[in-house]
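Reading through the structure tokens given below for one structure.
The values are calculated or read from the model by the stated rules, or taken from the named source; none is laboratory data. Everything numeric here is computed off the predicted structure, so don't read it as measured data. Glycine gets a Cβ as well: all are built from the backbone with ideal geometry, and neighbour counts include every protein chain shown.
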Amino acid sequence: MYRNYLAFLLFSSLSATSLNAESIVDCRVITGGTTECNPYSRRLIKAKEVTYDVDKQKLIVTKTLPVPAKKPKMKVITVTDMIEKYIRVEAPLRYKGSHDIVIETKQREKVPVAQKVPAEEEKTEEVPEPVRLAEKARQKAEAERNRNQGFYVIVEGDTLSTIAAKYGMKTKELRALNQLEKDTKIRLGKKLLLPFPQDTVDAIATGAYQVQSDDTLISIARRFNLDPKAVAEFNAIKTTAIIRVGSVIQLPLPYRLKALEAKKKAEAAKRKLAKARKRKNAKLIRGFGKHRLRVTATAYTSHGSQTDRTPFLAAWNNHIRPGMKIIAVSRDLLYRYGLRNGSRVRIAGLPGTYRVRDKMNKRFKKRIDIYMGLNRRRALRWGRRSVILYW
């Protein structure tokens, strides 16, 4: 019985294969010549129920998909067909030469890119000759005006009068050029319009000019209304010196000369006052006594770390207090140079007179100690100095 059943299955499968050899194949076994395929497997289309004999206790039923009423068909499309149908490849636009290039729009209309319009089809509006010449003259005048104008940035200490004087203008002209009222205040960083090229404005503002090509010392001097000799002398060079492109020439402008002269006068007055004070102090010190000696000067205060247990009691039982101008001297100044208790002395660099009220340790030579009261910071600031002592 088992062998008959197996033979029946083999015969049915062979007959089905032979009958459907030319029909639609399974989509999972597509070959090169296949044009259509069946999405359902063949074994699922023709479902069969297999059972054992009656004497067998096990029953097996194959579960299959329902047989479709109509076999769906799927068309097989190759990759080449897909590219040709769904992807449009356009020719590159670059390196096409000088001939016209034709592209396709969305409406598939061919439009020439470099198509030339005939001269007779060009619509040009004729402009009258006088109007064209007037417009050309206006543009030329505007370009010339823009080329001969520059902006100055206001810095600290500037006023309208000083700016106008720096550029050889009147304050009224500068105010009218920038449309400023008489009581208008200028601010730092604001720009003022000037009737000079921008490089000229910058050179006058800084007092220095960077040499350009074809520049000479004479041409630079004439450009800024200066004497070539004055420019050469101001820069410590000869009039016939060759200047290089990119080098900086200092300009002896009037406002710079005025500022330098004021600075020299201030420095001279300061030096004169310092000399007068020095002479006065030297005269007072020289007239104070007959002896002078260079000594090392330190400072001390009334603290236990710098004195003994009696910080306000000095040598010779002298009572001291903060604010007194007293010094302590080394013992060689007492025995060898003639200083005594209560001697009046002058110290170079310090105003007033000091009195000897204390003496120092025996190990010190040519030494004085200036009393600073309780101001320890002042004593530390003084440190150690070499001074001249007069008595």
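Any idea which of Thr200, Thr206 is within 19 Å of Thr162 (Cβ to Cβ), without any contact (Cβ under 8 Å) to a residue 12 or more places away in the chain and polar (S, T, N, Q)? Of the residues listed, the single one that is within 19 Å of Thr162 (Cβ to Cβ), without any contact (Cβ under 8 Å) to a residue 12 or more places away in the chain and polar (S, T, N, Q) is Thr206.
Out of the residues in the stretch 159-217 that are among the basic types (Lys, Arg) and farther than 19 Å from Pro252 by Cα, which is surrounded by the most Cβ atoms within 10 Å (Cβ to Cβ)? Lay out the reasoning, then the answer.
Taking the stretch 159-217 as the starting set, the residues that turn out to be among the basic types (Lys, Arg) are 166, 170, 172, 175, 182, 185, 187, 190-191.
If we keep only those that are farther than 19 Å from Pro252 by Cα too, we end up with 170, 172, 175, 182, 185, 187, 190-191.
Numbers: Lys170: 11, Lys172: 11, Arg175: 17, Lys182: 8, Lys185: 9, Arg187: 6, Lys190: 13, Lys191: 11.
Applying the filter and picking the extreme gives Arg175.
Is it true that some residue in the stretch 227-243 is in contact with a Pro (Cβ under 8 Å, 6 or more places away or on another chain) and either within 24 Å of Asp158 (Cα to Cα) or aliphatic (A, V, I, L, M) (or both)? Among the residues of the stretch 227-243, at least one is in contact with a Pro (Cβ under 8 Å, 6 or more places away or on another chain) and either within 24 Å of Asp158 (Cα to Cα) or aliphatic (A, V, I, L, M) (or both), which makes the answer yes.
So which of Gly207, Gly289, Gly246, Gly189 ends up being under 30 Å from Val356 (Cβ atoms) and in contact with a strand residue (DSSP E or B) (Cβ under 7 Å, 6 or more places away or on another chain)?
Numbers: Gly207 fails: under 30 Å from Val356 (Cβ atoms); Gly246 fails: under 30 Å from Val356 (Cβ atoms); Gly189 fails: under 30 Å from Val356 (Cβ atoms).
Answer to the check: Gly289.
The set of residues in the stretch 303-331 that are among the polar types (S, T, N, Q) and closer than 24 Å to Ala348 by Cα contains only Ser330. Is it fair to say Ala205 is in contact with a Phe, Trp or Tyr (Cβ under 8 Å, 6 or more places away or on another chain) and within 21 Å of Val153 (Cβ to Cβ)? So Ala205 fits the description; yes. Kindly establish whether Thr307 is of a type in the set (Val, Ile, Thr) and part of a loop (DSSP other than H, G, I, E, B). It is true that Thr307 is of a type in the set (Val, Ile, Thr) and part of a loop (DSSP other than H, G, I, E, B). All conditions in (1) on the phi > 0 side of the Ramachandran plot; (2) not in a loop (DSSP other than H, G, I, E, B) hold for Leu333, with the sole exception of (1).
How do the helices (runs of 4 or more DSSP H) wholly within the stretch 167-253 filter down when requiring 3 or more residues that are assigned by TED's automatic domain parsing to the domain that holds Gly157 and within 37 Å of the chain's Cα centre (by Cα): which remain? Break it down stepwise before answering.
On the way: elements: 171-177, 198-206, 217-223, 228-234.
Where helices (runs of 4 or more DSSP H) fall fully within the stretch 167-253 and carry at least 3 residues being assigned by TED's automatic domain parsing to the domain that holds Gly157 and within 37 Å of the chain's Cα centre (by Cα), they are 171-177, 198-206.
Considering (1) within 20 Å of Ala203 (Cα to Cα); (2) surrounded by 15 or more Cβ atoms within 10 Å (Cβ to Cβ); (3) of a type in the set (Lys, Arg), the lone condition that Lys325 does not fulfil carries the number (1).
Yes/no matrix, rows are residues, columns are (1) surrounded by 19 or more Cβ atoms within 10 Å (Cβ to Cβ); (2) in contact with a Lys or Arg (Cβ under 9 Å, 6 or more places away or on another chain); (3) in the same structural domain as Gly304 (by TED's automatic domain parsing):
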residue: Arg336; (1), (2), (3): no, no, yes
residue: Arg340; (1), (2), (3): no, no, yes
residue: Gly349; (1), (2), (3): no, yes, yes
residue: Arg357; (1), (2), (3): yes, no, yes
residue: Lys362; (1), (2), (3): no, yes, yes
residue: Lys365; (1), (2), (3): no, yes, yes
residue: Ile368; (1), (2), (3): yes, no, yes
residue: Gly373; (1), (2), (3): no, yes, yes
residue: Arg381; (1), (2), (3): no, no, yes
